[in-house]
1. Report D for segment 12-58 in µm² per second (integer): Stokes-Einstein, Kirkwood Rh on Cα pairs, 4 °C, 1.567 mPa s.
2. Can you tell me the FRET efficiency between M111 and L6 if r is taken as the Cβ-Cβ distance and R0 is 22 Å, rounded to the nearest 0.05?
3. Where in segment 7-38 is the amide nitrogen less than 14 Å from a point lying 7 Å along the Cα-to-Cβ axis of R79?
4. Hey, what's the Cα Rg ratio for the chain versus the globular rule of thumb, 2.2 N^0.38 Å?
Amino acid sequence: MGHPALIAFVVAFVAGPLVVAGLLRLPATLAVLVALSLTVICAAALAVVLQGRSPLAALISFWFGWVVAVAMVGQALRRRLPGRTPRRLTLLGALMAAPLPWFGLATAQMMD
């Protein structure tokens, strides 16, 4: 595993779940959901703008948008499913979903 792949691995499997866990600690209010959705939109728009200029920055922006979107879905589920068990399952599902882009990057690298 080369140096860039190792960095991507650490970001996907450590930083992503940590960001999701931090965002899921926020209260599950409508204001938080709106803020998260606006963050996802801004990250996606920034990635599109940066795509031609800086592919790495665009990739990081897409990744950040994905991580925030995962947290947003987790927050929405927490609003609809009250209770301790659904809260734990939401956290586990979101933590497992955060590193999913790694598998796409790894597959693309294997095909190269």
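1. Details: Rh = 12.2 Å.
Calculated translational D: 106 µm²/s.
2. Numbers: r = 19 Å, r/R0 = 0.88.
Once the sixth-power term is evaluated, E becomes 0.70.
3. Answer for segment 7-38: 26-38.
4. Compared with the compact-globule rule of thumb, the chain sits at 1.14.
Read-outs: derived from the displayed coordinates by stated rules, not from any lab. Keep in mind that this is a model prediction, so the values were computed, not measured. Heads up, the Cβs are rebuilt from the backbone with ideal geometry, glycines too, and the neighbour counts pull from every protein chain shown.
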